[in-house]
Each structure stands twice: as structure tokens, then as C-alpha cells.
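Scroll down for the structure; my scribbles are underneath it.
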Number of protein chains: 2
Amino acid sequence: MAFNDLISGALTTSGQVRNEPVQARSSERIATLLDAASAVVAEVGIERLTTAMVAERAGASIGTVYRYFPDRIAVLAAMSLRGFERFLRASVENLEATKPTTLDEAITCLIDAAVELHRTEPGFTSIRLSDQIALPEVDGGTASSARIAGPLAAIFVAELGVDGDGLAERLDIALTMADALLVRAFVIDPKGDPAAIEATRALVAGYLAPAGARA
Amino acid sequence: MAFNDLISGALTTSGQVRNEPVQARSSERIATLLDAASAVVAEVGIERLTTAMVAERAGASIGTVYRYFPDRIAVLAAMSLRGFERFLRASVENLEATKPTTLDEAITCLIDAAVELHRTEPGFTSIRLSDQIALPEVDGGTASSARIAGPLAAIFVAELGVDGDGLAERLDIALTMADALLVRAFVIDPKGDPAAIEATRALVAGYLAPAGARA
DNA sequence: GGTCACCGACCGGAACTCGATCATCACTCA
DNA sequence: TGAGTGATGATCGAGTTCCGGTCGGTGACC
């Protein structure tokens, strides 16, 4: 059980696209469409995103958008999922580079990954803001934090030797908090107020600290 | 400065409706429309709510909806504001009935009020979920927690004698957290898992505890 | 009688469909 | 081995449907 098991553990690649791509150009198309959607969201926001805008920006036609996504919401959901996946990969990279020995250090890896995405990925903050809106219609309301908390707890127990008792549940709460607070921080200040970010880190670490000490 | 000053302090009744009601039946209409909207949201969700559904359920015509609300978002925003107002009134009721002497007791009054609304008001959870989406387009992104944190801090300082230093900012964070966690609890379990609610209460109280002790 | 409240056909535009067309691939056979 | 050839994947965009929002006309109140 290593850090990079997190990706396979937390990602259930449920059918986001309508037709699985067969030819190579098709996968590129999907990526292009999602990039376009990301840019459109960053520019006009979630509410004002139209499928026509996405198509035009991707240099595709409306029909192509609907070939890959059942409806407008699914485009947003796929964007969200891709963002979540990138968060996981960045987290794993940070974890493997840092080799944390405490829960506190490990959490910092995750928060750094999230902050980096908020900073660099256009539309990421917006899509996180509305994740809970868009996703329920697609995969039944399972919030991202719930998907990651279980595998993450297992890995922390294995790698850090912390007490696993109720850890998954506390991680779920901690991640929900961190998500909400980071989104809030980036909504208020698009560059991300360092004080707000540090406050979030401290708050989450503080919340989880007793569990780490118990190890 | 008493608890019920909270309502006037936190509610800036900005123009939600298009034409202020003059005749009595008109106010009833607005309430009926908002009730209908609430029911529709509970049934099909925010995204799928159409103004036609609201009109039909309220026994009114499309035109009537648009007589009172400038657009679809405004209907949702008004619902949100009414929910927020009800939250404030319920909170004040709890505060005046309990006469709290500690920050912890006071926070419990607020959380109980919120939980009660999640339980009894159809669509309240959904609208809280998307409050941050719907409101920015109407009043410039001022989240509810920001509106309430200032007045609440002032009242707590006056009534409980706690240290007011940075209290408003910490209350803002605490309320953002509590809101996110309660919404999460009610999304997962529409009846509201008592354990999740108690965890939220404990978490928020714990976060604010140092401030209370410093008094 | 004048204003308030209400209605619902109508309009513009956005979501989404569908049949036609083009691109690619696996396979064949000279 | 490589040009030919269906089969199927991928793309297109005009057309359809549906929804948000308007507006002029008709009753309800004072």
C-alpha cells in the first residue's frame, strides 16, 4: 500500500462520456473540449457557459460536444472529475517527494496540491464551488471527499502508522472543511490569500492532530 | 444590544421583488410562489427548476412570476434570503429562550436553528448548497456567513462578555465550516444523521473555544 | 375610474437531435 | 507490400424543442 495507490483507490472512472473513444483523435477531442470548457468557465462562469461556446472554442461543432457528453451538466461534471483526478495525482507527487512522517505533513501535501490547482487551473475554483451542484445529477451525490477519505485513511495507517480508528470519517470531515475554506479563500482573492490558506492548513491539521498523536 | 438586534443587523432587505406589494393578496402571492419554488427545488433540484413549474405549482401564470421577480435566479435568491431570515429568527428565539452564558452554548443555539430548518423546510438544503452560486449574480457575492458574522460578534461581545478581538473573522470561518458540514450531513442523510450534526457542533465549538476562554 | 394584479400568447435563444458526410482502420488480394 | 474496400468511428450543422423572459390586454380592488 503506497501513496500512489490513492489514485486507483479513489477514482472510479464511471461513464462520463457517452461513447468511449476508439480512435486516438477522439481522446484528444475530449481533452480539447474539456480545456475549452475550463476556459469558458473561467471567463463567463458556470451559469453562462453554453455548449455552443465550448464547441466554438474547441474548434468543434455542437454535435461533437453531444457525441461525447449527454448534456451540458455532464461537461461540467467531467471537468470536475478531471480536476479531482489532477488533484489526486498532484497529491501523490507531493507525498512521494516529501515522504511525510506525520499526519500533519501529509495533510500539507494535499492542501498544497489543491492550492496549486486553484492557482493554475482556470475555472477550477468555480467548478469546485459548484461541484456539489453538478455532481449529484451525475453520480448520485457522492461528494469527492467521501471517495477519497477511505483509501486515504488506509494509506495513512499503512505508511504513517497512525491510529486508523474512525480516521476515514474524520478525514472526510477535514477534507470537506478544507475544500469549503479554500474555495472561499480563492473566491475572495483569485490569487489566494496566503493567510487564509495557512489558516485552513492549521485548522485542518489541528482538527486531525489528536488522531496523529494517538498513534 | 440584545440578541434580537441580530435580525436588523444582518438583514439588509435589498430589493428582491420587482414591485413592492400594495394589496394584501400580493404578499400572499409572493409567499405562495416561494413555497412553490421550495417544493420544486426539493423535487427536481435547483438546475431543473423552471419558472413554468413554479407558476403552475403556485396556481399562477408565468407572467405573475415575472411580475414579482426579475428573473429565475431572483426567485432562488429570494428563497435563499427567506431561508436565511428564518434561520436568523429561529436563532434569536433559541438564544432568548436559552440565555446562553458561554460561546459554546450560543453556537449551539445557532446550529440547532439551522438543523431545524434543514429538517422542516423542503428545499432548504438544496438552496444552501447552491447559495454561493445563486447569490453572486444578485448581490455581488456576499455570502450569508459574512453578513451575519459582524453583528453576531458584536452581540456576543456585549451579551457574553467574550473577547471581541478577531472574533468576527473567526465566526465567519466557523459559520462557513458549519454551513458546509451541515449541508453535507443533510445531503448524505435527508433526515440528518445526529452523529454528523453533533460532530459539526463539537468541531465549531472547539474551533471557537480558545476565544471563549480568553474572555 | 384609475391603479393593482393577473393572464398567456409570443419571442429569442440555448439545449439537444439526427441524418448526411468525412476519416480511419482492419482486411483482402493482386 | 500496398492499393482497394467495406465497416465503423468521428464530425458536422441545420432543424427541433423547450425554457427564460416580454408585453399588451383583461379582470379585481379601492
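Between beta-carbons, use under 10 Å as the cut-off and find the net charge around B:ALA205, counting Lys and Arg +1, Asp and Glu -1.
-1
Which value, in debye to the nearest 20, describes the size of the charge dipole of the stretch A:17-68 about its Cα centre when Lys and Arg Cβ atoms bear +1, Asp and Glu Cβ atoms bear -1, and nothing else is charged?
Numbers: 6 positive and 6 negative charges, 35 e Å.
Using only the charged Cβ atoms, the result is roughly 160 debye.
Between the stretch A:139-204 and the stretch B:57-104, how many Å separate their Cα centres?
Computed from Cα coordinates, the inter-centre distance equals 31 Å.
Suppose we consider the axis relating copy B to copy A; can you name the residue of B with the nearest Cβ and state that distance in angstrom as an integer?
Closest Cβ on chain B to the axis mapping it onto A, in Å: B:ALA180, 2.
So what is the relative contact order for the stretch A:1-120, in percent, with contacts set as C-alpha pairs under 8 Å and at least six apart?
Once divided by the residue count of the stretch A:1-120, the mean separation gives 29 percent.
Let me check against my output: what whole-number percent is the relative contact order of the stretch A:17-68, with C-alpha pairs under 8 Å and at least 6 apart?
Numbers: 33 pairs, mean separation 20.8, N = 52.
That works out to 40 percent.
Where a ≥ b ≥ c are the square roots of the eigenvalues of the C-alpha gyration tensor, would you call the stretch A:17-68 rounded, which needs a/c under 1.5, or, failing that, prolate if a/b is larger than b/c, or oblate? Mind dumping the intermediate values first?
Working: a/c = 2.22, a/b = 1.96, b/c = 1.13.
Taking the square roots of the gyration eigenvalues as a ≥ b ≥ c, the stretch A:17-68 is prolate.
Distances from A:ASP189 to the same position in the other copies: list them in nm, one decimal, shortest first, using label points 7 Å from Cα along Cα→Cβ.
From this label point to the equivalent ones elsewhere in the assembly: 3.8 nm.
For the stretch A:17-68, with the dipole built from +1 on Lys and Arg beta-carbon atoms and -1 on Asp and Glu ones, taken about the Cα centre, which of A:THR64, A:LEU49, A:ALA31 lies farthest toward the positive end?
Working it through, the farthest residue towards the positive pole turns out to be A:THR64.
For B:THR101, which inter-copy label distances result when the label point lies 7 Å beyond Cα on the Cα-to-Cβ vector, reported in nm to one decimal and in ascending order?
For B:THR101, the inter-copy label distances come out at 4.7 nm.
Return the long-range amide H neighbours of B:GLY123 (sequence gap of 5 or more, or a different chain), with a cut-off of under 5 Å between placed amide H atoms.
B:ALA42
One decimal, nm, shortest first: give the distances between the label point of A:ARG86 and those of the same position in the other copies, each label point 7 Å from Cα along Cα→Cβ.
Label point to label point, same position, other copies: 3.9 nm.
Under the Karplus relation 6.51 cos²θ - 1.76 cosθ + 1.60, θ = phi - 60°, what is the ordered set of whole-Hz ³J(HN,Hα) values for the stretch B:196-207, x standing for Gly and Pro?
Coupling constants for the stretch B:196-207: 5, 5, 5, 4, 4, 4, 5, 5, 5, 4, x, 5 Hz.
Starting from the Cα of A:GLU169, move 7 Å in the Cα-to-Cβ direction to define the label point; list residues of the stretch A:107-125 whose amide nitrogen is under 18 Å from there.
Output list for this probe position: empty.
What are the residues whose amide H is under 5 Å from the amide H of B:GLY192, where those residues sit 5 or more places off or on another chain and H is modelled from the backbone?
Residues meeting the criterion, in which the H sits 1.01 Å from N, do not exist here.
Values in this text are rule-based calculations from the coordinates and carry no lab data. Keep in mind the model is a prediction, meaning the values are calculated, not measured. Cβ coordinates were reconstructed from backbone atoms using ideal geometry, including for glycine residues, and neighbour counts include every protein chain displayed.
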